[in-house]
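Encoded as structure tokens, the structure appears first; notes follow it.
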Amino acid sequence: MTRVWKWNRPVTVREVLEDLQQERSIAYTTVMTVLDNLHQKGWVRREAEGRAYRYEAVSTRAAYAAALMNDAWSQSDNPAAALVAFFGMMSEEQRQALRDAVRIVQGPETVPAPEPEQAPEAVEPREAREEQNPGAVGGASGR
């Protein structure tokens, strides 16, 4: 997938092979099998071009990573514990990226306006209410 994302265009097995062979020895059939497996899993689409196929990523690298994380998380018998363990493995930069992502997903923080009938109580401190009504349950005399 890294090679397919790298070009950001439809690629052939031969192009991926030649790119990989700059780093290590690998067989044409291995690359062909991997791209075919990715196609069967739905991660790449392909279009025939002569006797070969051109493969193109179906989603971005970020979406792919998210799907892998979601798959791993959904297989946990204790998702909360899995998240805690995962967060514990993160670097400070990764945790900051997580906080940024949560802010993006949640949108700007807004505090809903209180209902009209609740407005005085919603903004009046508890101590002030107790002073005004000392006999109320939980009031000053109920302590």
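Starting from residues that are charged (D, E, K, R) and assigned to a loop (DSSP other than H, G, I, E, B), keep the ones in segment 12-43 and report whichever is nearest to the chain's Cα centre (by Cα). Top of the filtered list is 41. Suppose the filter is over 24 Å from residue 16 (Cα atoms) and modelled with pLDDT under 90; does residue 92 pass it? Spelling it out, it is not the case that residue 92 is over 24 Å from residue 16 (Cα atoms) and modelled with pLDDT under 90.
Results for (1) modelled with pLDDT under 55; (2) of a type outside the set (A, V, I, L, M, F, W, C); (3) over 18 Å from residue 69 (Cα atoms); (4) assigned to a helix (DSSP H, G or I), shown as yes or no for each residue.
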residue	(1), (2), (3), (4)
81	no, no, no, yes
86	no, no, no, yes
98	no, no, no, yes
101	no, no, no, yes
104	no, no, yes, yes
108	no, yes, yes, no
121	yes, yes, yes, yes
129	yes, yes, yes, yes
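Under the condition of being surrounded by 11 or more Cβ atoms within 10 Å (Cβ to Cβ), of a type in the set (A, V, I, L, M, F, W, C) and without any contact (Cβ under 8 Å) to a residue 40 or more places away in the chain, the residues counted in segment 41-62 number 1.
When residue 68 is tested against (1) at pLDDT below 90; (2) outside any loop (DSSP other than H, G, I, E, B); (3) more than 28 Å from residue 7 (Cα to Cα), exactly one condition is not met: (3).
The values are calculated or read from the model by the stated rules, or taken from the named source; none is laboratory data. Just so we're clear, the structure is a prediction, and the values are computed from it rather than from any experiment. Cβ atoms come from the backbone with ideal geometry, glycine included; neighbour counts cover every protein chain shown.
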